[in-house]
1. At 1.4 Å probe size, put K674, K691, K302 in order of accessible surface, largest to smallest.
2. Mind checking the full-extension length gain between D528 and D191? Use 0.36 nm per residue of separation minus the Cα-Cα distance, one decimal, nm.
3. Highest mean first, how do 232-239, 534-541, 69-76, 551-558 rank when packing is the count of other Cβ atoms within 10 Å averaged over residues?
4. Between L517 and T648, what is the label-to-label distance in nm when each label sits 7 Å out along the Cα-to-Cβ direction?
5. Can you pull the one-decimal nm distance between simple spin-label points at W242 and T422, each 7 Å off the Cα toward Cβ?
6. When the label point is put 7 Å from the Cα of E597 along its Cα-to-beta-carbon vector, which residues of region 607-624 have a backbone N closer than 13 Å?
7. In µm²/s, what is D for region 141-281 at 10 °C and 1.306 mPa s, where D = kT/(6 pi eta Rh) by Stokes-Einstein and Rh is the Kirkwood radius from Cα pairs?
8. Region 79-166: which trypsin sites (Lys or Arg not before Pro) are DSSP loop and have at most 15 other beta-carbon atoms within 10 angstrom?
Amino acid sequence: MENKKQQDQITQEEVKDQKLKEYAEKLLHQLTLEEKIGMIHGAQFFQTGGAARLGIPPLVMSDGPMGVRQEFLPSQWKPVGNRDDYVTYLPCNSAVASTWNRKIAYEIGSVLGEEARGRGKDVILGPGVNIKRSPLCGRNFEYFSEDPYLTGELAAAYIRGVQIWDVAACVKHFAANNQETERLWVDVEIDEESLREIYLPAFYDAVKKGGVHAVMGAYNKVYGEHCCESEFLLNRVLRQEWGFEGVVISDWGGVHDTRKAAESQLDIEMSVTDNFDDYFMARPLLEKIKAGEIREEAVDRKVKRILVFMQKLHMLNEGEPGNSRPGGEGKETCGKRRAGAYNTQEHRQKALEAARESIVLLKNDQGLLPLKPEKQKRILLVGENARQLHADGGGSAEIQALYEISPLMGLKSHLGGNATVTFAQGYCSGVEKGKEGQEPNWQEKSLENGGARQKGEAEDVLSQSTELKRKRKELLEEAVRLAADYDTVIFVGGLDHTQDCEGNDREDMKLPYGQDLLIRKLLEVRKDLIIVLVAGSPVEMGSWIGQADTVVWSWYAGMEGGNALADVLLGNVNPSGRLPETFYKTHLDCSAHAVGEFGGAKSVAYREGSYVGYRYNDQYGVEPQFCFGFGLSYTSFVYSDARLDSGTNRISCTVENTGERDGSEVVQVYERKKGSKFFQELRGFEKCFVKAGQKARVVVEIEKTDEDAVYCIGSSSRDIRLTLGGNRN
Ligand code: BGC
């Protein structure tokens with residue numbers, strides 16, 4: 001019965017697809033070659049050409065993962081500056097991953113999709129699902145995890161959320177784009193098995209589980225071919241093996257050759273330069289087709305896919321020209337297409353909920369958190385990140401946020417007038433932010449120097465200057481002096497988008513701006529120092545972690561980040577974030593550095609193969625600072641009664657909240673298989689909310705069970721509470 005239903009559904013889908021293809025074919029025959037070429041390359045920085053005569057609109061795109069980016073002029077890297085494009089600033093993907101919650105991922109995707117529609121976009125350029133091979137990659141804050149399963153599950157949910165709004169997600173950057181150094185040219189050397197085991201599955205899940213409509217090709221090369229023209233990646237893997245029928249878009253400037261691009265499975269070429277007619281798939285392609293050097297069918301295939309894609313987004317009204325957009329003639333006229341909205345109250349609430357679930361409690365040895373009421377009278381907040389705003393940085397993921405609540409603002413507004421909250425800068429970054437509108441946008445020059453981002457001159461000069469050193473010394477002394485005088489001292493430091501930034505990788509994991517010294521000095525006078533780190537990637541903590549009792553981790557958590565942090569510090573929210581990546585003691589403990597290469601210019605050898613993240617550390621006994629899956633709670637959970645329901649892929653156990661606070665636990669299932677090359681791999685997870693003193697039965701679905709495997713059920717990759725199976729060995 002069930003089978004029959006499924007079959008009927010499949011046939012219905014097929015019939016629908018067939019109809020879309022037929023209509024696409026019909027339109028295709030009416031298009032001139034020039035019109036078709038216009039549809040397969042950028043005619044503006046974020047827009048292709050349409051064919052108004054036939055009612056085919058252009059495709060309008062926007063970055064990026066943390067919200068819809070501000071409007072740019074069509075052919076200059078300058079914001080339009082209308083002041084009406086402020087959006088909901090969402091937690092970055094690392095934060096989303098840290099929730100280990102598919103529902104949150106879906107909801108964040110849905111906010112992004114609705115806002116993209118609200119801003120008149122057809123394609124949102126995200127999510128980024130590249131695997132965090134090294135903690136030093138400058139774009140890691142845009143990515144989810146070091147683990148393909150966790151990434152794939154969350155990204156698929158996120159994509160489904162985006163796409164219910166008749167907006168396409170564009171999963172990026174396909175594939176093996178794991179460093180920023182020489183990102184335009186570097187050739188990734190990796191054995192195919194590891195590529196398929198670690199770097200491709202999240203894209204596969206985006207296609208198969210997420211039903212993603214668009215894929216962005218990466219800048220780099222794999223096996224000597226540029227990803228945007230790659231026969232292996234685009235044709236063999238994506239189209240043939242995975243059956244992807246959506247649209248493939250190049251990264252901005254990722255195409256290098258007219259013939260290769262035309263004959264590849266790429267559909268749309270985008271770039272950062274304003275010579276739109278000279279793009280490889282523009283006039284040069286037109287000329288080659290006219291000269292009979294390239295067959296027109298190559299273009300037809302692409303256009304047909306774009307036309308089907310547009311129908312899936314309800315962008316085409318059969319036979320009806322005109323598809324007005326917000327900003328055009330007013331309200332949508334286009335039939336069934338959903339309308340969106342941006343900056344709604346509901347979106348801000350979703351951003352807050354996600355931020356709350358993403359914060360990770362790393363240490364709470366003396367139970368100082370949540371703060372007791374008597375400790376909340378006189379609070380000193382030390383550190384630039386207490387008031388630093390992060391939305392408008394990081395590269396193409398920058399956001400013009402409607403607002404952003406800093407940790408200082410969050411705490412002050414939560415405590416109200418009866419408490420004194422004092423701020424001491426403690427350290428300073430020394431980065432002089434350019435005045436709005438005065439600095440050229442970095443993206444304009446992003447194809448120069450292998451894609452490396454030019455650091456601001458002011459920053460370089462300042463960071464070496466004696467003036468800056470003196471200033472840092474003064475700030476440190478002031479903070480240490482003040483620290484003795486308060487009920488509670490909270491340090492808020494970490495990174496900013498100088499380090500977590502497109503176009504650059506970090507050199508190491510050290511905290512910048514003299515923060516290590518400051519933390520050590522503060523700990524000398526305040527053993528009860530509460531350390532909060534806000535960053536997009538892990539940092540070294542070795543020089544002070546032994547002395548510190550209390551450490552809280554926050555990613556770039558969106559516009560409500562400061563409120564979420566205050567909620568956790570004050571105990572309104574019980575922390576439930578779990579690390580989606582290994583926090584190494586130093587980057588040298590990470591396999592990309594210990595075994596492989598990282599940051600190479602011409603090529604980079606992934607010699608560690610598939611031993612990435614915890615897979616390497618667990619196998620070779622390398623102790624991390626904090627392991628994959630780790631995170632504390634204000635309550636405690638006891639696991640019991642594990643079961644693998646026979647004939648199913650369902651593993652279940654009972655989780656009891658034995659503490660005094662309600663809280664959420666993330667039940668993680670790792671597989672240890674005899675004969676497998678890995679010590680263990682994440683196979684399933686489920687987040688569950690359990691009230692204080694109560695029990696819940698938690699069911700974790702895994703993809704397939706293996707009767708020879710042992711299933712380890714735990715609270716992190718190194719805190720296994722129950723095991724199942726393996727009796728046959
Ligand atoms: C980035 C992409 C981004 C594109 C458009 C490129 O520099 O790599 O992730 O979507 O620019 O801004």
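The values are calculated or read from the model by the stated rules, or taken from the named source; none is laboratory data. Remember, predicted model here, so these are calculated numbers, not experimental data. No Cβ is skipped: glycine too gets one built from the backbone with ideal geometry, and neighbour counts run over all protein chains shown. Each accessible area value is taken on the protein alone, full model and side chains, heavy atoms only, with ligands, DNA and RNA left out. Shrake-Rupley method; radii C 1.70, N 1.55, O 1.52, S 1.80 Å.
1. Final ranking, largest accessible area leading: K674, K691, K302.
2. Length difference between fully extended and current span is 116.4 nm.
3. Highest-to-lowest ranking by the protection proxy: 551-558, 534-541, 232-239, 69-76.
4. 6.0 nm
5. Output for this residue pair reads 5.6 nm.
6. Residues 607-608 qualify, since their backbone N sits under 13 Å from the label point.
7. Result for D is 104 µm²/s.
8. Filter output for region 79-166: R83.
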